[in-house]
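Visitor: One structure is given below, represented as C-alpha cells, and several questions about it will come after.
What follows is calculated from the coordinates using simple rules that are stated; it is not laboratory data. Just so you know, these numbers come straight off a predicted model, no measurement behind them. In this analysis, Cβ positions are derived from the backbone assuming ideal geometry, glycine residues included, and neighbour counts consider all displayed protein chains.
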Amino acid sequence: MVKRNVLLNPGPATTTDTVKMAQVVPDICPREKEFVSIMREVEEGLLKIVHADPAEFAAVLFCGSGTINMDICLNSLLPEGKKILIVNNGAYSSRGAEICEYYGLPFINLKMPLNRQPDLSVIEKTLQENPDIALVYTTHHETGTGLLNPIREIGALVHRYHGMFVVDTTSTYAMRPIDMEADELDFCMASAQKGIMAMTGLSFIIGRKSMIEASAAYPRRSYYCNLYMQYAYAKEHGEMHFTPPVQVIYSVRQALQEYFAEGEENKWARHCRIFGAIKNGLSKLGFRTYIPEGQESGLVAAALYPDDSHWDFEKVHDYCYERGFTIYPGKVEKMGMFRLCALGAIDQEDIEAFWDVFEEALKVCEVTTPVIYHE
Ligand SMILES: *Cc1c(COP(=O)(O)O)cnc(C)c1O
C-alpha cells in the first residue's frame, strides 16, 4: 500500500487508495468510445454536485490546474466594448485582476478589506455607476485566508443589474453545498484535486449553455484557453479538443462515485468536524486566527504567528512533515500566518493525531504555550 499522508495544505488533498489506484488502467486512446463514455459520466457527475440542470448548464473540461478556469472564463466571456468587475478581497481575486491585465481587458478592480465580507452597497453603487459592466467575477472562498464571500447576495445584485456572475468556487466545490440556481451562479469552477479529492491535472467550468453559446460571437483572445471552442467541440464529438489527462479522468470517475456514496450532507458534516477539531486545537494553544467567526468558509483556518523568537514555521513544518502531516504558510503580504485546511479524505481523528505532533514540534522548538501575542 501507498504511505498515507495527511495534507492540511489548501489542495491537492489527501486521496483514498481506491482513487489513487483507479489510475492504473490498461493503456487506452482517449478517442475510443469506451473513454468517451467515461467523459460523459464525469460531466454528468460534475453537474449533479452543484444541482445543475443539464438542459441549462454544461460542464466543460480542461487539462490544467485551477487557474486555467479563471483564465478561460475571464478571456472568453467578455463581449466587445464591455467591462469586467472584480470583487477583490483576497489573493485569488487579485489573480483574476492580473489575468485581466495580461489580456488587456477593461476591468474595475474593486479592492475590499481582506479580513471581512464585502460591503454589498459598494458593489451595488459600482454596478449602478458602470452600466457597461457585463461580467462580475469573485471568489467564493478566498483560500489564502479562509474568508467566505456571500455569493448568493452578490449574485442577486449582479442579476438585478443584468450582469453575468462568474465565481471561482475552486475551494468550496464539492465541500460546501452549492446550488447553481439558488446561489445565483452563472458560472462556477473547480479542479479535480480539491473538493472531489482526485488527482491534479483536470479542471472544469460549469456554466449556462446560453451564455457560452452567446460567447461564440465575442472576441477570441486565446487559442488554447477558449471556452466556446472547448464546449462546441465536446458537444459535437463528446470529448476534449486536445489530449485529455487520461489517467486523471479515471481517478475523477472513482472520486465521483465515492462523493455520491458519502453524500453532500455527510461530506459537509465531515468537513465541519475536521474544521471544528482544527479550531479547537488552535484555541487550546492560544493561536489567534485572521478571519472573524461567522465569516469563515469552515475549510481553512489562517493562524497568526505568535510573538515568540523561538517560533520558526520552517522547523515546525519540517517536524510535522517528517511525521506525515503537511502544514502550509499564509498568503497575506507582510503578515506571518500559517494555514490548516479541512480538505481531503481525512477526519477528526487525523486532526487530533496532528495536534499531538504539532505540540511536540512546539516543545522541540521551545515555543511557549499557550502562545504569546504582544498586543
Ligand atoms: C486552488 C485554487 C485555485 C487554483 O490554483 P492552482 O494552483 O492553479 O491549482 C484557484 N482558486 C482558488 C480559490 C483556489 O483555492
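Visitor: Along the charge dipole of segment 117-206, Cβ charges K/R +1 and D/E -1, which of Thr170, Ile206, Val158 sits furthest on the positive end?
Guide: Thr170
Visitor: Determine ³J(HN,Hα), in whole Hz, for all residues of segment 205-217 in sequence, where each value follows from phi through the Karplus function 6.51 cos²θ - 1.76 cosθ + 1.60 and θ = phi - 60°; x replaces Gly and Pro.
Guide: Per-residue couplings from phi come out as 10, 10, x, 5, 4, 4, 6, 5, 5, 4, 6, 4, 8 Hz.
Visitor: Something else now. Greater than 32 Å separation of Cα atoms is the criterion. Which listed pairs, Lys267/Lys334; Lys209/Lys267; Lys284/Lys331; Lys334/Lys363, meet it?
Guide: Working: Lys267/Lys334 35 Å; Lys209/Lys267 29 Å; Lys284/Lys331 24 Å; Lys334/Lys363 26 Å.
Violating the 32 Å limit, Cα to Cα: Lys267/Lys334.
Visitor: Cα-based Rg of segment 68-157 per 2.2 N^0.38 Å, rounded to two decimals? All intermediate terms of the calculation are to be shown ahead of the outcome.
Guide: Numbers: Rg = 12.3 Å, N = 90, 2.2 N^0.38 = 12.2 Å.
Working it through for segment 68-157, the quotient is 1.01.
Visitor: Could you tell me which residue out of Gly263, Tyr228, Gly276 lies farthest along the dipole of segment 202-323 toward its positive end? Charges go on the beta carbon: Lys and Arg +1, Asp and Glu -1, centred on the Cα centre.
Guide: Farthest along the dipole direction, towards plus: Tyr228.
Visitor: If you put +1 on each Lys and Arg Cβ and -1 on each Asp and Glu Cβ, how big is the dipole of segment 216-272 around its Cα centre, in Debye rounded to 20?
Guide: Working: 6 positive and 6 negative charges, 61 e Å.
Dipole size: approximately 300 debye.
Visitor: Sticking with this one: Dipole size in debye (nearest 20) for segment 101-235 around its Cα centre, Lys and Arg Cβ +1, Asp and Glu Cβ -1?
Guide: 340
Visitor: Any idea what % of Cα-Cα pairs in segment 1-147 are farther than 20 Å? The partial results should precede the final answer.
Guide: Working: 6950 of 10731 pairs.
Summing the P(r) of segment 1-147 above 20 Å gives 65 percent of all pairs.
Visitor: Test of understanding: in a Gaussian network model of the chain with alpha carbons linked when under 10 Å, which of Gln295, Gln23, Gln128 would top the mean-square fluctuation ranking?
Guide: Gln128
Visitor: Given C-alpha coordinates of the chain, what is the ratio Rg to Rh with the Kirkwood estimate of Rh?
Guide: Values: Rg = 21.1 Å, Rh = 21.5 Å.
When Rh is taken as the Kirkwood radius, the ratio is 0.98.
Visitor: Add -39500 (n - 2.57) for each DSSP H run of 4 or more in the chain, then divide by its residues: what number comes out at 222 nm, to the nearest 500 deg cm²/dmol?
Guide: Values: 12 runs with 148 residues, N = 375.
Only helices count here, giving -12500 deg cm²/dmol.
Visitor: Can you pull the one-decimal nm distance between simple spin-label points at Ala232 and Lys334, each 7 Å off the Cα toward Cβ?
Guide: It works out to 4.8 nm between the two label points.
Visitor: Could you give the size of the charge dipole of segment 164-314 about its Cα centre, using +1 on the Cβ of each K and R and -1 on the Cβ of each D and E, expressed in debye and rounded to the nearest 20? Working shown, then result.
Guide: Numbers: 14 positive and 19 negative charges, 56 e Å.
Dipole magnitude for segment 164-314 comes out near 260 debye.
Visitor: Right, something else. Between Rg and the Kirkwood Rh of segment 9-56, both from Cα atoms, what is the Rg to Rh ratio?
Guide: Numbers: Rg = 14.2 Å, Rh = 13.3 Å.
We get a ratio of 1.07 for segment 9-56.
Visitor: Run the numbers on the chain and let me know its relative contact order in percent, using alpha-carbon pairs under 8 Å that are six or more apart. If you can, show how the numbers build up before the last one.
Guide: On the way: 721 pairs, mean separation 91.1, N = 375.
It rounds to 24 percent for the chain.
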